[in-house]
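Asks: Submitted below is the structure of interest, expressed as structure tokens.
The values are calculated or read from the model by the stated rules, or taken from the named source; none is laboratory data. This one's a predicted model, so the numbers in the text were calculated from it and none came from an experiment. A quick note on method: Cβ atoms are made from the backbone with ideal geometry, for glycine too, and the neighbour counts reach across all protein chains shown. The accessibility values were calculated without ligands, DNA or RNA, using every heavy atom of the protein model including side chains. Shrake-Rupley method; radii C 1.70, N 1.55, O 1.52, S 1.80 Å.
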Amino acid sequence: MPELEDITLLKQFAKNGSEPAFAELVSRHVNLVYSTALRNVGDAHAAQEIAQAVFIILARKANSLSMHTVLSGWLYQTTRLTAANYLRTEIRRQKREQEAYMQSLTNETEAEVWRQIAPQLDDAMARLGDRDRNAIVLRFFENKNLREVGVALGASEDAAKMRVNRALEKLRKISASVA
């Protein structure tokens, strides 16, 4: 009975740390583990890593496996689960990399757009009256909230909101006439 022989070897490894017993188990089952991993992930390098991980798991759990365990079945299932975990991790990694790449493109695009509109913005800002220009600078350049803008302008929060909105509308009209 090969299953009994596998379990006997595994128990020898678990009890005595017998490297030859574990090496024999690896030799017997490496093809099963590797081919299962390869079918699941479709990449030879990843399948090798998964196979190593499965045998590490086997070494760690050697004491806890029962005498009735069919080792090849256990290895097959552990390989499938390890491959599934690998794929989930890989998908998350690729998603994070894609998001970082897209963010870098967005940052580059924003920087380029800013370089193009900065001179026009400064020209348009120069055409605004002092109170409108101050409202825009306080609100958007210094990131002040509307209450703070109102205090700086000597007006209420509602009046500051109206001033900022009107100044923005004037900026839009100025920018549209320049473009």
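Asks: Roughly how big is the chain's charge dipole about its Cα centre, with Cβ charges of +1 (Lys, Arg) and -1 (Asp, Glu), in debye to the nearest 20?
Replies: 640 debye
Asks: Here's something else I'd like to know. Averaged per residue, what accessible surface does the chain expose to a 1.4 Å probe, in Å²?
Replies: Result: 67 Å² of accessible area for each residue.
Asks: Express in whole angstrom the spacing between the alpha-carbon centres of the stretch 51-95 and the stretch 153-174.
Replies: 64 Å
Asks: If you add up the charges near LEU146, with Lys and Arg at +1 and Asp and Glu at -1, over every other residue whose beta carbon is less than 12 angstrom from its beta carbon, what do you get? Don't jump to the answer; show the numbers that get you there.
Replies: On the way: positive: ARG139, LYS144, ARG147, LYS161, ARG163; negative: GLU148, GLU157, ASP158.
Summing Lys and Arg as +1 and Asp and Glu as -1 gives +2.
Asks: Moving on to the next point. Using label points projected 7 Å from each Cα along Cα→Cβ, tell me how many nm separate SER175 and GLU99, to one decimal.
Replies: Here the modelled spin labels are 2.9 nm apart.
Asks: Can you give the local net charge around VAL26? Use residues other than it whose beta-carbon is closer than 13 angstrom to its beta-carbon, Lys and Arg +1, Asp and Glu -1.
Replies: Residues close to VAL26 contribute a combined charge of -2.
Asks: OK, next. How high is the FRET efficiency between HIS68 and ALA44 when r is their beta carbon distance and R₀ equals 41 Å, given to the nearest 0.05?
Replies: Working from the Cβ atoms, E equals 0.75.
Asks: Of the options ILE174, VAL54, ALA21, report the single residue whose Cα projects farthest towards the positive end of the charge dipole of the chain (beta-carbon charges: Lys, Arg +1; Asp, Glu -1).
Replies: With unit charges placed on the Cβ atoms, the residue in question is ILE174.
Asks: Using the scaling law 2.2 N^0.38 Å as the reference, what is the normalised Cα Rg of the stretch 42-148?
Replies: Normalised by 2.2 N^0.38 Å, the Cα Rg of the stretch 42-148 equals 2.26.
Asks: Next question, about the same structure. Once you have the Kirkwood Rh of the stretch 1-43 from its Cα pairs, apply Stokes-Einstein at 10 °C and 1.306 mPa s and quote D in µm²/s.
Replies: Roughly 141 µm²/s, to the nearest whole number.
Asks: Right, another one. Measure off, as a whole percent, the carbon and sulfur share of the 1.4 Å-probe accessible area of the chain, all protein chains present. Present the calculation step by step, with values, prior to reporting the outcome.
Replies: Values: 6360 of 11930 Å².
With neighbouring chains kept in place, the figure for the chain is 53 percent.
Asks: Is any residue of the stretch 139-179 close enough, with backbone N under 13 Å, to a label point placed 7 angstrom from the Cα of ARG131 along the Cα-Cβ axis, and if so, which?
Replies: Under cut-off, by backbone N: 150, 153-156, 159-167.
Asks: Okay, next question. Give me the count of lysine pairs in the chain whose alpha carbons sit under 19 angstrom apart, restricted to pairs 8 or more positions apart or on different chains.
Replies: Total qualifying Lys-Lys pairs in the chain comes to 5.
Asks: Can you give the convex hull volume of the alpha carbon atoms of the chain per residue, in Å³?
Replies: Here the figure is 213 Å³ per residue.
Asks: Starting from the Cα of LEU153, step 7 Å along the direction of its Cβ; do the same at ALA23; then give the gap between the two resulting points in nm.
Replies: The answer from the label model is 8.3 nm.
Asks: While we're here: Could you point to the residue in THR36, LEU153, ALA83 farthest towards the positive end of the chain's charge dipole, with +1 and -1 charges on the Cβ of Lys/Arg and Asp/Glu respectively?
Replies: LEU153
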